[in-house]
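Novice: Dumping the structure here so I can ask a few things about it.
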Amino acid sequence: MEKRTDKNSYTILFAIMMVLVVGAILAFLASALKPNIDENKRFEKQQNILYAMGINDNDEKSVAFIPTDKVEEMFTKYIKKQLVVNGDKAEEYKDAYLIDIKKEAAKAKDASYTRKLPLFVGEKDGEEYYIVPMRGKGLWDAVWGYIALDKNLIVKGVFFDHKGETPGLGANINQRFFMDDFAGEHIVDGTTFKGIAIAKGNADPKNIDKTDFEVDAIAGATITGDGLSAMIKKDLKMYMPYLQTLKN
């Protein structure tokens, strides 16, 4: 005689019950862990902003962020203003670092919406830094970062990261050998905005020329590099009316 547990209906009912139970558990965990997840996201943004302006625990080669138990204190110490830029004007905006620039880009598709462009003003060793957040598209998924400029619009440092670039190739955009090349690069020629291109076959592989508006590409990561170049040009351009007012 056939057992009830051998019936297809039992199998289907059991599968449904398992989906409901597992779904309920995952929903509970997501809700319970949300405060911790949100806190970690805040810490990560603070770490990345500070990293771009050279506040980190790097040794000669590695990438090392300010620890999470110290990052809020250091963020408050070094970030003197948080602004939202609109054209050639800017106003202070509490916790501007929490603005989701991906969502802002989506909202800006509505011509009636005024996009929030966050900008962070840091100070280190008596020098001011202007840190711009950026987001773009790499080979497989999103790439993003921060670029720190002085008031003459010379790059002081950068931080880049990615969601799913190829390990050993495009994923290396967050490594020191690549990011350190940006320090000292210019983004304007006189008053003309140029940006910085990640150039395959760059004639300056040792990155000595800081006024060629190029850094050397990562071998085998052409599309990721093109995505970074486009991101830098696209996002910095939105800030240029204000940044040009700073230039000596």
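The values are calculated or read from the model by the stated rules, or taken from the named source; none is laboratory data. Please read all numbers here as calculations on a predicted model, not as lab measurements. We place every Cβ from the backbone using ideal geometry, glycine too, and count neighbours over all the protein chains shown. These accessible areas exclude ligands, DNA and RNA; they are computed on the full protein's heavy atoms, side chains included. Shrake-Rupley method; radii C 1.70, N 1.55, O 1.52, S 1.80 Å.
Novice: Check cross-link reach from Lys237 to the aspartates and glutamates: straight Cα distance under 14 Å, and skip same-chain residues fewer than eight apart.
Specialist: Asp88, Asp189
Novice: Let me ask something else about it. For the chain, what is the convex hull (Cα atoms) projected area averaged across all directions, in square nanometres?
Specialist: 19.4
Novice: Report the local net charge at Gly201: Lys and Arg +1, Asp and Glu -1, summed over other residues whose C-beta lies under 11 Å from its C-beta.
Specialist: Combined, the nearby Lys, Arg, Asp and Glu give -2.
Novice: Counting alpha carbon pairs within less than 8 Å and at least 6 residues apart, what relative contact order, in whole percent, applies to region 112-157?
Specialist: This gives 27 percent for region 112-157.
Novice: Among the aspartates and glutamates, select those whose C-alpha is under 18 Å from the C-alpha of Lys137, and discard any that sit fewer than 8 residues away in the same chain.
Specialist: In chain and number order, the partners are Asp100, Glu104, Asp161, Glu165, Asp226, Asp235.
Novice: Ignoring ligands, DNA and RNA, what accessible area per residue does region 35-153 give at 1.4 Å, in Å²?
Specialist: For region 35-153, the per-residue accessible area is 55 Å².
Novice: Once the Cα gyration tensor of region 82-206 is found, what semi-axes does its equivalent ellipsoid get, as square roots of 5 times the eigenvalues, in whole Å, sorted largest first?
Specialist: Equivalent-ellipsoid dimensions as semi-axes: 25, 20, 15 Å.
Novice: Further question: Excluding residues fewer than 8 places away in the same chain, name every one of the lysines whose C-alpha is closer than 23 Å to that of Lys206.
Specialist: Correct list for Lys206: Lys61, Lys156, Lys194, Lys233.
Novice: Still on this structure, I have one more. In nm, what is the difference between 0.36 nm times the number of residues separating Phe177 and Glu44 and their Cα-Cα distance?
Specialist: 45.7 nm
Novice: On a 0 to 90° scale, report how tilted helix 222-243 is relative to the longest principal axis of the chain, with both axes built from alpha carbons and the result rounded to the nearest 10.
Specialist: 60
Novice: What's the angle, to the nearest 10 degrees (0 to 90), between helix 8-52's Cα axis and the longest principal axis of the chain?
Specialist: The angle comes out at about 20 degrees.
Novice: Also, I was wondering about something else. Accessible area of region 19-163 with a 1.4 Å probe: how many percent of it is carbon plus sulfur?
Specialist: Accessible surface attributable to carbon and sulfur in region 19-163 totals 53 percent.
Novice: Output the pairs from Lys81/Lys234; Lys41/Lys89; Lys70/Lys200 with a Cα-Cα distance over 32 Å in this structure; if there are none, say none.
Specialist: Lys70/Lys200
Novice: Between Asp88 and Met17, what is the spin-label point distance in nm, taking each point 7 Å from the Cα along the Cα→C-beta axis?
Specialist: 7.2
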